[in-house]
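Working notes, beginning with the structure itself.
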Amino acid sequence: ARETPQQIWFDGRFVDAGSDRAPLTTHAMHYGSGVFEGIRAYATTDGGSAVFRLPEHLERMRKGCELLGIPFDVEEATAATLAVLRRNGHRDAYVRPLAWCGTGSIGLDVAPLDKHLMVATFPTNVHLSGAKVKLGTSSWRRNPATSLPPLKLCGAYVNSILAKHEAKQRGFNEALFVDDQGRVVECTGANVFMVRDGGITAVEHRDALAGITRDTVIALTGAESRAVRHDELLDADEVFVVGTAAEVTPVDEFDDRSYAANHVGQEIAQLYWRVVRGEEARYTRWLTRV
Ligand code: PMP
């Protein structure tokens, strides 16, 4: 039997992935004038699946679109997300909505441009890769919030790409952004936590994305949220990073340091695993059934 091609929701219809082409004059391709999200759906024990914290993700996307002058209808995006998940039959999936400025002008004013929305889904491998997380402090600074607000604006991610590229070249696999005062900001696509003497701290910084996983982990653990210095992070008993894609991932090595055990991080990772799959009755309000 031939596999049904993967489909993408695009401006109100379904198209086969790879069948549609954006024009070469697409504004977003030249200037990064788009807004995206990263969302996960998880198979639930009742045989169905559910999207984790969908309204929060789409609200963040709406804010980015508002800032950039892209019309965004949360209800339409919600329906599109659920429809494409059903269409593709993915129960464990990464969901990628993208709103962007299309064609109409090559100037910087976005008003004359046509605007588009797509939602793609990618099946996710639920098994851990087993690769060690090696976190290295970046020489790059995070986009300051005063220049680029911490939202998921496409162009802003060139900053993350630079940091990731440098980290890989140095033998790390993830980068940590630190500011000019030596305060920890975040990773390229995840927020940072530390554990010290049993206390859990969520790193707080105005240049960091207000992560939904970060908010989730604070709600689950009662972690304090405050500014953290780079040397404090190096001294921590454990460090873990959190994000929709990363989930809760303990850090094995950080700069010159390695961590023997990550008991607290692993426990939180397991709790998060149950919460996103609807196995914790207290938190099923965070799930949108597909
Ligand atoms: N920081 C950055 C820069 C990110 O791109 C992400 C991923 N969206 C996060 C943090 C984590 O955010 P969330 O938990 O909402 O996925």
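Just so it is clear, none of the values below were taken in a lab; they were calculated from the coordinates. Source: prediction; values computed, not measured. Cβ coordinates were reconstructed from backbone atoms using ideal geometry, including for glycine residues, and neighbour counts include every protein chain displayed.
Contact order for region 172-234, expressed relative to its length and based on alpha carbon pairs under 8 Å spaced 6+ residues apart, stands at 31 percent. Quick one: Cα centre-to-centre distance for region 143-159 and region 217-276, in angstrom? Between the Cα centres of region 143-159 and region 217-276 lies a distance of 24 Å.
Between 0 and 90 degrees, the angle of helix 212-221 with respect to the longest Cα principal axis of the chain falls at about 40 degrees.
Working from Cα positions, state the angle (0 to 90°, nearest 10) between the long axis of helix 74-88 and the longest principal axis of the chain. So the helix axis and the longest Cα principal axis differ by about 90 degrees. Oblate is the label for region 1-119. Its Cα gyration tensor axes, ordered a ≥ b ≥ c, give a/c of at least 1.5 and b/c at or above a/b. Shape call for region 67-134 from the C-alpha gyration tensor, a ≥ b ≥ c root eigenvalues: rounded (a/c under 1.5), prolate (a/b greater than b/c) or oblate? In terms of gyration-tensor shape, oblate. Report summary: the helix-based calculation at 222 nm, which adds -39500 (n - 2.57) for every DSSP H run with n ≥ 4 and divides by the residues of the chain, gives -8000 deg cm²/dmol. Compared with the dominant Cα axis of the chain, that is its longest principal axis, helix 54-68 is turned about 70°. Using a Gaussian network model of the chain in which every pair of alpha carbons under 10 angstrom is joined by a spring, one finds that among Asp11, Asp73, Asp20 the greatest mean-square fluctuation is at Asp20. Within the straight-line cut-off of under 28 Å between alpha carbons, the lysines reachable from Lys63 are Lys115, Lys152, Lys164, sequence neighbours fewer than 8 places apart in one chain being disregarded. The relative contact order of the chain comes to 19 percent, based on Cα pairs under 8 Å that sit 6 or more residues apart.
Sequence-distant contacts, meaning Cα pairs under 8 Å at least 6 residues apart, place the relative contact order of region 162-276 at 21 percent. Give the residue from Gly222, Ala261, Phe177 lying farthest towards the positive end of the charge dipole for region 173-265; charges sit on Cβ (+1 for Lys and Arg, -1 for Asp and Glu) and the dipole is referred to the Cα centre. The one lying farthest along the dipole's positive direction is Gly222. Shape analysis of region 95-147 based on the Cα gyration tensor places the equivalent ellipsoid semi-axes at 34, 23, 8 Å, largest first. In the Gaussian network model of the chain, springs joining C-alpha atoms below 10 Å, which of His30, His230, His165 carries the largest mean-square fluctuation? Largest GNM mean-square fluctuation: His30.
GNM on the chain, alpha-carbon springs under 10 angstrom: the most fluctuating residue among Thr26, Thr188, Thr146 is Thr146.
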